[in-house]
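No lab work stands behind these numbers, since they all come straight from the coordinates. Computed from a prediction, not measured in an experiment: that's the story for all the values here. Note that we place each Cβ from the backbone using ideal geometry, even for glycine, and neighbour counts take in every protein chain shown.
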Amino acid sequence: MVQIKAMEPQYAAYLHDESRLMGSARYIAFPDSLSEVVEAVRWCGDRGVPLTAQGSRTGLSGGASPAGGLILNLSRMDRILGIRKDEAGNCYLRVQPGLPLLRLRNALKNKAFDISGWSEKDIEVLRELKAGEWVFPPDPTEPTASIGGMAACNACGARSFLYGSIRAHVTELVVVLADGRTARLRRGSERARGRQVRIPLREGGVFEATLPEFDTPTVKNAGFYIHGDMELIDLFMGSQGTLGIIGELELKLMRAPGHLWGVTAFLPGDEAALSYVEALKDMAHKPAAIEFFGHRALAMVERQRTLTPAFARLQELPEDYGCAVYVEFNDEDNSAMLHDLEELAGLLKQVGADPGDTWVARDQEELEKLLIFRHAVPETIDLIVEKNKKREPIITILSTDMSVDDGHFRELFRMYKEDLSASGLDWVIFGHIGENHVHPNILARTADEYRAGLALFEKWAGEVRRMGGTITAEHGVGKIKKRLEHILYGAEKMGELALLKRSFDPLGLLGPGNIIPKEGEDGCASTRA
Amino acid sequence: MRIYACVKQVPANNETRLDPVTGTLIREGSPGVLNPLDAYAVEQALRLKEQYGGEVSALSMGVPGVRDMLRRVVALGVDRGILLTDRAFAGSDTLATARVLAAAVNKCGMPDLVLCGRVASDGDTAQVGPMLAECLGIPHVSDVACIEEIARGEARVRRLGDRGYHSLRVRLPALFTVLKEICVPRLPSITGVLRGEKAAIAVWGRADLGSLEGGVGLKGSNTRVLRSHRPDLRVKTRAVAGARDLMDILREENLIAEDRVRGDI
């Protein structure tokens, strides 16, 4: 029996996610099985209580910040339930949605599985598995993210340049619909017929709905995924708990690359970095990740070095750094590295950079140092936002993840920089430049600055729409980016999305305030948070 | 200034991993790497070279494959790598290892400074550095947290003792074993890696080192490992009633200087 508890001060941490958007709730539940999730959803349905699903609360768009009703915290559903191999030798894990990514990685790396309750068949498959033989490729920056949360917002991370977002690596979902009925959706099995959706239910019967008439952007997109003849499993990835609750997932694993290595190069300026990135994308040997660190982001981490003891262990930056670009390669063995390093040295010289001003990570262990540095940027932003929020409660993380195609990226990047430089705000830019979505972050110090930051985001959303891009490539729309989504799609398409939502959730109980504005809401919760 | 950094190759993973199905030890995925604490000795050597000029050599005793690890060290900016490898060295205990390293140092000529990591992650003895200093007949300081200055043939260093830091002046040549807090090891640059790959690593065997008094290898080792166990690390604790009692204890133990205690607490 799932316990529905009244909210108490001890649960205050569950009222927000990493975005710092403060929510409210009357109840909280920590189910530990799929059947308890079903019970909780039915409990809410019977009483008309809205519910917000949560994983590790590491999201950046407020998707897990509750908007009244029940918090359905799935962090106790953190088990790996089983393993299978198909005839082609591919390996799959069945997991609960609250499993943190880091735990999954460690399980695969060290062959450390809790096999209690596993079937004999699954244990036999595990017997043959070697430690470190398989990996789960999606790598959002925050490794404590839950697998269910990652799927709900279609998270990706740096290596999606090579591997794509999490969508490509999830082969099955068990979803709990608004009325408590459940469906098992397999990739390659259940598809829409044109715009018609028919979802076979595990309890018998079929759920039917109609998709909106338009397709969502083709660049990497973390909002709703809508396409004619689409795989129905994709409907629940990116929709952030508004159409159903993810209760179980099957993940397709990938054979671990034998050799992971990377280079952080310091370049004289952003234009040189853009040219270097374009050259990296054209390399015959495709990188796994290409990341950008603007000058202000580097300087911000450098300043934090004296304040955060853990940062004192970061390597010191070279003198006169402009900005930095990190490129990573995932290879079968180390045979290509030297040749590629020579090629990178040539590319750097071409854009006026010095191959001596680089940090090379020659293996996984050294790569960890570069990743710690990479992680230090958002961690520092978190610390600053947390501090500023104490002075001004309206402040949340103001991070964008807009994306456009290759042809428009220079234009988008220059616009970010011109607008931010003219704004007088505190800002940094870093992120996944390989897929044309860097993260301009505005570190608002006052309510006025916060609103000025939002206004800039809205201006950019309009420009991104003109360029055919998306307003969220990986963080999801959540509650913070609804206004931007409205600008991207316009009122008519938003109306179609709201209709889709209503057909799945007539009472509007699932993920209230996520993606689709509530009745009477203008679409931007954060301005009134 | 001439500096030698002594480095050792150790297994990458010293965590014990058990297979959940068979209950046996998992050995996959543990290739040899540079002993983590030796990276600090190498980094400190490079910083001293950058500050005072001179050259840095990396010295390692091990199997022939250690040559690749030395190339990786050269990539960081070390001027030359020297590998001491010979079947006759196999099974050396800490003293026999120190003898081999000392013979190599003597062959190259006494440097100004020898730096070692505090301890190797596999053997966990922290003995080779001090033994090497004894074999060379030079002073050593273990657990060095900071090399504050080198001037006029002396080094001023800060070392971590059981009860705090000590500042010491040491006449050079000397040997220091260094702690993690001394610096942050760098990653190599592209230029460095390409240079390291092309670097010639000197390989010396027993015949190259002349007479090794006291012997080397298993035969020359006076110690045998009978058993490994965790040391008893119990520390006595006692509760104090207030700040006054605490101050009394600190005075009794000579942990504070009287002239620095001012006024009533």
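Just to be sure I understand: if I project the alpha-carbon convex hull of the range A:85-219 onto a plane and average over all orientations, what area do I get in nm²?
Approximately 10.5 nm², given one-decimal rounding.
Can you give me the P(r) profile for the protein assembly as shown? Cα pairs, bins 10 angstrom wide beginning at 0, each as a whole percent.
Spelled out bin by bin, the protein assembly as shown gives 2, 12, 19, 21, 19, 14, 8, 4, 1, 0 percent.
Can you flag which of A:Lys130/A:Lys369; A:Lys5/A:Lys130; A:Lys130/A:Lys481; A:Lys390/B:Lys180; A:Lys369/B:Lys8 are past 31 Å Cα-Cα?
Long pairs (Cα-Cα over 31 Å): A:Lys5/A:Lys130; A:Lys130/A:Lys481; A:Lys390/B:Lys180.
How would A:His375, A:His259 line up from fewest to most surrounding beta-carbon atoms within 10 angstrom?
Ordered from fewest to most neighbouring Cβ atoms within 10 Å, A:His375, A:His259 come out as A:His375, A:His259.
With Rg and the Kirkwood Rh both taken from Cα atoms, where does Rg over Rh land for chain B?
1.04
When only alpha-carbon atoms are used, what values of Rg and Dmax, in angstrom, describe the range A:259-466?
So, for the range A:259-466, Rg and Dmax equal 17.5, 54 Å respectively.
Relative contact order (percent) for chain A, with alpha-carbon contacts under 8 angstrom and 6 or more residues of separation?
17 percent
DSSP loop GluC sites (Glu not before Pro) in the range B:124-213 with at most 12 other Cβ atoms within 10 Å of their Cβ, which ones?
Numbers: sites: B:Glu134, B:Glu148, B:Glu149, B:Glu154, B:Glu181, B:Glu197, B:Glu213; in loops: B:Glu213.
In loop regions of the range B:124-213 (DSSP not H, G, I, E or B), the sparsely surrounded GluC sites (Glu not before Pro) are B:Glu213.
Show which aspartates and glutamates lie in cross-link reach of A:Lys85 when reach means a straight Cα distance below 16 angstrom and same-chain residues fewer than eight apart are skipped.
Output for A:Lys85: A:Glu120, A:Asp122, A:Glu124, A:Glu128, A:Glu133, A:Glu172, A:Glu250.
Along the range B:214-231, what does the Karplus equation 6.51 cos²θ - 1.76 cosθ + 1.60 (θ = phi - 60°) give for ³J(HN,Hα), rounded to whole Hz, x for Gly and Pro?
Taking θ as phi minus 60°, the curve returns x, x, 9, x, 4, 5, x, 9, 8, 10, 10, 7, 8, 7, 10, 8, 6, x Hz for the range B:214-231.
Applying the Karplus parametrisation 6.51 cos²θ - 1.76 cosθ + 1.60 with θ = phi - 60° to the phi angles of the range A:416-424, what ³J(HN,Hα) value in whole Hz is obtained for each residue in order, glycine and proline being reported as x?
3, 5, 4, 5, 5, 4, 7, 7, x
Farthest toward the dipole's positive end in the range A:259-466, which of A:Ile290, A:Thr396, A:Gly322, given Cβ charges of +1 (Lys, Arg) and -1 (Asp, Glu) about the Cα centre?
It is A:Thr396, whose Cα lies furthest towards the positive end.
Please report the relative contact order for the range A:1-160, taking Cα pairs under 8 Å with a sequence separation of at least 6, and give it as a percent rounded to a whole number.
21 percent
Counting alpha carbon pairs within less than 8 Å and at least 6 residues apart, what relative contact order, in whole percent, applies to the range A:4-73?
44 percent
Which far-off residues, 5 or more places away or on another chain, put their amide H under 5 Å from the one on B:Tyr4, with H placed in the peptide plane?
B:Ser57, B:Leu113, B:Val114, B:Leu115
When N counts the residues of the range A:398-529, how does its alpha-carbon radius of gyration compare numerically with 2.2 N^0.38 Å, as a ratio?
Working it through for the range A:398-529, the quotient is 1.08.
Name the residues whose placed amide hydrogens come within less than 5 Å of the amide hydrogen of A:Trp134, ignoring near sequence neighbours (fewer than 5 apart) on the same chain.
Under 5 Å from the amide H of A:Trp134: A:Ala256.
Given only helices, namely DSSP H runs of n ≥ 4 each adding -39500 (n - 2.57), what is the per-residue ellipticity at 222 nm of chain B, to the nearest 500 deg cm²/dmol?
So the calculated ellipticity at 222 nm is -8000 deg cm²/dmol.
Determine, for A:Asp78, B:Asp79, A:Asp333, the number of other Cβ atoms within 10 Å of each Cβ, and report the residues in order from fewest to most.
Details: A:Asp78 20, B:Asp79 16, A:Asp333 9.
Exposure proxy ranking, most exposed first: A:Asp333, B:Asp79, A:Asp78.
Put +1 on the Cβ of every Lys and Arg and -1 on every Asp and Glu Cβ in the range A:80-255; which of A:Met237, A:Tyr225, A:Phe136 then has its Cα farthest towards the positive end of the dipole?
Selected residue: A:Phe136.
Taking A:Lys121 as the anchor, which aspartates and glutamates have their alpha carbon closer than 14 Å to its alpha carbon, excluding any fewer than eight residues away along the same chain?
A:Asp86
Once phi is turned into θ = phi - 60°, what whole-Hz ³J(HN,Hα) does the Karplus curve with 6.51, -1.76 and 1.60 give for every residue of the range A:4-12, x standing for Gly and Pro?
9, 9, 6, 5, 9, x, 5, 9, 4
What order do you get for B:Val203, B:Val100 when you list them from fewest to most C-beta neighbours inside 10 Å?
The fewest-first ordering by Cβ neighbours comes to B:Val203, B:Val100.
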